[in-house]
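The values are calculated or read from the model by the stated rules, or taken from the named source; none is laboratory data. None of the values given here were measured: they were computed from a predicted structure. Neighbour counts are summed over all protein chains in view; Cβ atoms, including those assigned to glycine, are modelled from backbone coordinates with ideal geometry.
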Amino acid sequence: MSSAPDVTIRRALLSDEAAVMSLGDVYSGRDYLFALYSDLVQDPDTYPVVAVVNNVVVGFYLTEPFDGGVTVIKRAGRVAESYRGRGVFHLMEAELERHTAHERSQVMYEAVARTDKVDHLIDRFLSKGYRPVYRKGIMNKLLKPSNYGRQGNNTHLTLDLKEMSRQDLSLMFHAENDEPRLFPQKRLFNFYLGYRLMDENIPSILCKGGGAFYSATKNDVRTDGCEPYHKPNGNVQSQNGSSHIRTIDNRSSSADSNMKAKINDVKRIAMVTFYRFLPTRTGYLYFLDVYATPEAVTSRDYLQSHLQRHLFTARRHFPKTNGILCVAHDLHIPKDLISSSLAQLGICEDLEGQEDFQVLYEKNDIKR
Ligand SMILES: CC(C)(COP(=O)(O)OP(=O)(O)OC[C@H]1O[C@@H](n2cnc3c(N)ncnc32)[C@H](O)[C@@H]1OP(=O)(O)O)[C@@H](O)C(=O)NCCC(=O)NCCS
């Protein structure tokens, strides 16, 4: 290790953008900072820092709060290649930790994500007080306009998919906090970010360029003695999956029964897939995060319909550009199932040198 340079750590400014970008794409084509730099740096809730040596920016790192401010995550860290291994990252990390401890009194948890690329750092994470809270499989596939012909169009979906509203997601979070079916860790974790199932996180999830699709279970047999599933529009889903119109009782159109129907609706979700897309310097990134009940994993229809819908969305927004599809999935959803379903839609090519899993770490001993 060469001797530590004379480094200043200060808050990153919008005017540092070109200098930070000149540090390059540090995530093999998946660097989201190009798209998010100005938003992240101007967000009053984030704390972005740069490392400066002789007036030259040589590093960048950031903390961003979630969960209504009780969690901060460190992300987008990078150091200029010629300055690596000389303690620059440590200095930025120490400043972020100082800021969290002294300027964010409401923070209870500090989080950081890593991939299997840095398995050798596990002891470092543990010795700093982090514990692993969620491990997910990941895969990265190349999206090329030349493959779009294989994907058909959106009208050929085998399942009825719906776009999730903020109210749906809120109801889903509440149901899952009571009894997790889709989110076993009571967390969402993709895009290197971990979210507790809290309403405060919804604007960051269902946002410009981000959203979710869901599909209800095809199995309509209830074991809890409740009525069969009533779609909010008054249709009754029959056991074979077809629907017929039932007479709508006036009372059932009240706000209360509408809400009950919506709660019932979210409790019957078998698969939900979140997306976020961002332009990059060379194309675009499409992050896809899959959650499913065991039933939805045994039937290929769910995944096939969801993937088709996402590819349609990607194609609509980036019709002529190459992209990277970054899929995150719970470990009970087999990688092979995702890979083969994507292959059927013409998406076969892997991003070179990709990772297999990502882990969310968290610690709660914030030294004040
Ligand atoms: C990771 C990186 C920022 C390290 O920068 P650096 O200035 O060489 O780091 P330092 O000299 O301060 O020391 C390296 C430290 O970084 C740690 N480190 C390396 N990769 C890390 C990662 N992904 N997450 C957290 N810490 C990491 C090392 O364990 C080492 O700490 P230790 O001495 O306590 O073991 C740099 O290699 C880089 O820019 N890599 C590409 C981007 C990247 O992988 N970022 C991941 C962090 S979000």
If residue 112 passes every condition in (1) within 11 Å of the ligand (Cβ to nearest atom); (2) in contact with a Ser or Thr (Cβ under 9 Å, 6 or more places away or on another chain); (3) not polar (S, T, N, Q) but one, which one does it miss?
-> (2)
Test residue 20 against the stated conditions and say whether it is assigned to a helix (DSSP H, G or I) and within 15 Å of the ligand (Cβ to nearest atom).
-> yes
Residues satisfying the stated conditions in segment 124-150, i.e. surrounded by 14 or more Cβ atoms within 10 Å (Cβ to Cβ), hydrophobic (A, V, I, L, M, F, W, C) and either at positive phi or within 14 Å of the ligand (Cβ to nearest atom) (or both) | 125
Pair list, Cβ < 6 Å and 6+ apart or interchain, from segment 111-125 residues that are touching a residue at least 24 places away in the same chain (Cβ under 8 Å) and part of a strand (DSSP E or B) to residues that are of a type in the set (Lys, Arg) and near the ligand (Cβ under 8 Å from one of its atoms) | 112/74
Looking at this structure, is residue 18 surrounded by fewer than 18 Cβ atoms within 10 Å (Cβ to Cβ), free of Cβ contacts under 8 Å to residues at least 40 places away in the same chain and among the hydrophobic types (A, V, I, L, M, F, W, C)?
-> yes
Would you check which residues across segment 63-85 are more than 9 Å from the ligand (Cβ to nearest atom) and surrounded by 18 or more Cβ atoms within 10 Å (Cβ to Cβ) and list them?
-> 63, 64, 65, 66, 67, 71, 72, 73
Hey, any hits in segment 48-59 for a residue that's touching a Pro at 6+ places or on another chain (Cβ under 7 Å) and either at pLDDT below 95 or more than 10 Å from the ligand (Cβ to nearest atom) (or both)?
-> yes
Matching residues, segment 23-50, being among the aromatic types (Phe, Trp, Tyr), outside any loop (DSSP other than H, G, I, E, B) and farther than 18 Å from residue 88 by Cα = 34, 37
Does residue 197 satisfy the criteria of being at pLDDT 95 or above, buried (at least 20 other Cβ atoms within 10 Å of the Cβ), within 22 Å of the chain's Cα centre (by Cα) and under 14 Å from residue 266 (Cβ atoms)?
-> yes
In this structure, does residue 253 turn out to be of a type outside the set (A, V, I, L, M, F, W, C) and at pLDDT below 95?
-> yes
Can you tell me how many residues in segment 313-341 are buried (at least 18 other Cβ atoms within 10 Å of the Cβ), under 19 Å from the mean Cα position of the chain (by Cα) and not in a loop (DSSP other than H, G, I, E, B)?
-> 10
